[in-house]
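A quick write-up on the structure given underneath.
The values are calculated or read from the model by the stated rules, or taken from the named source; none is laboratory data. Source: prediction; values computed, not measured. Cβ placement follows ideal geometry from the backbone for every residue including glycine, while neighbour counts extend to all protein chains displayed. Ligands, DNA and RNA are stripped out before the accessible areas are found, and what is left, the full protein with its side chains, is counted by its heavy atoms. Shrake-Rupley method; radii C 1.70, N 1.55, O 1.52, S 1.80 Å.
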Amino acid sequence: MTVTGPVDLNADLGEGFGRWRLTDDEGLLSVVTSANVACGFHAGDAATMRRVCELAAARGVVIGAQVSYRDLAGFGRRAMDVPSAELTAEVAYQIGALEVFARAAGARVAYVKPHGALYNRAVRDEEQARAVVDGVLLAGARLPVLGLPGSRLLEAAGKAGLRAVPEAFADRAYTDEGTLVPRDREGAVVSDPETVVARSLDLARSGEVTALSGARVRVRARSLCLHGDTPGAVGLARRVRTKLASAGVPVEAFA
């Protein structure tokens, strides 16, 4: 197979609250090239955002705002119906909050990625996708938007003149349509490390992945997400990066 180009490795970081920490931020920041930092709506708080931004800036990792529905209790994974104007304001609010800490660390917020239920809703819901993009614009920066290939979100971003950056997931199962299998379905999360590493290389080199049904699905992506809330996440991330490097795949941030 032929390498299609450089691949960014992103991970969800800062997903704790107060004294509770979910992700090994320090460990993952030694591997990834982009950090999706929780902005306080599904996880994260002011001190956590500041700490992660400082760590990312010190390691040269690009900082992105991971925006979400206001759902701390449900970790942003519960379906919610938020009016467009309200969602737009909340997305802008989250970006602005993270920007304060990114700038204080000598960096900046360089892109935006929705989290959880909002991410999945924006795949098909044109109104919610536009609200997210409007929130990016309201925040005052024409930032790239990271999302699922072929989604309404990336379509809306492109129409607004923002860079639409497609991403893929090596540790999530895909449907035949190229969307993610819902987490409540058996087999939705790929947990075997060998399989995750192999899928990462497959996505980077061929732009395809094997769906849950066994069918081959086209998933051309510039960024590969490595979930930080899975057991052994740091070790697995290192294995993925090492495998990509050994295969001659350049690992570079997209922003």
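Values for this structure:
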{"item": "Only one of L22, L72 that is under 22 Å from R183 (Cβ atoms), aliphatic (A, V, I, L, M) and within 17 Å of the chain's Cα centre (by Cα)", "result": "L22"}
{"item": "Residue match in segment 177-185 (condition: assigned to a strand (DSSP E or B), of a type outside the set (K, R), open to solvent by less than 20 Å² (accessible area, probe 1.4 Å) and touching a Phe, Trp or Tyr at 6+ places or on another chain (Cβ under 8 Å))", "result": "no"}
{"item": "Any hit, segment 147-157, residues being in contact with a helix residue (DSSP H, G or I) (Cβ under 9 Å, 6 or more places away or on another chain) and closer than 15 Å to S68 by Cβ", "result": "yes"}
{"item": "Filter result for the condition that a residue is at pLDDT below 95 and either more than 19 Å from A160 (Cβ to Cβ) or open to solvent by 50 Å² or more (accessible area, probe 1.4 Å) (or both), over G40, G44, G60, G140", "result": "G140"}
{"item": "Where a residue in segment 205-228 is closer than 13 Å to L180 by Cβ and its partner, wherever it lies, is of a type in the set (F, W, Y), with Cβ under 8 Å and at least six apart", "result": "V209/Y174; A211/Y174; L212/Y174; V217/Y174; V219/Y174; C225/F169; H227/F169"}
{"item": "Extreme residue, surrounded by the fewest Cβ atoms within 10 Å (Cβ to Cβ), among residues of segment 143-163 that are closer than 20 Å to A35 by Cβ and in contact with an Asp or Glu (Cβ under 8 Å, 6 or more places away or on another chain)", "result": "L148"}
{"item": "Enumerated strands (runs of 3 or more DSSP E) restricted to segment 192-255, each holding at least 1 residues that are open to solvent by 50 Å² or more (accessible area, probe 1.4 Å)", "result": "208-210, 216-218"}
{"item": "Identity of the residue in segment 112-134, under 17 Å from the mean Cα position of the chain (by Cα) and not hydrophobic (A, V, I, L, M, F, W, C), that ends up surrounded by the fewest Cβ atoms within 10 Å (Cβ to Cβ)", "result": "N120"}
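For every residue, the table says whether it meets (1) outside any strand (DSSP E or B); (2) in contact (Cβ under 8 Å) with a residue 60 or more places away in the chain.
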residue	(1), (2)
V82	yes, no
G96	yes, no
Y111	no, yes
A117	yes, no
Q128	yes, no
V132	yes, yes
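Let's see how each residue does on (1) modelled with pLDDT of 95 or more; (2) among the aliphatic types (A, V, I, L, M); (3) over 15 Å from D25 (Cα atoms):
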position: S223; (1), (2), (3): yes, no, yes
position: H227; (1), (2), (3): no, no, no
position: A233; (1), (2), (3): no, yes, no
position: L236; (1), (2), (3): no, yes, no
position: R241; (1), (2), (3): yes, no, yes
position: L244; (1), (2), (3): yes, yes, yes
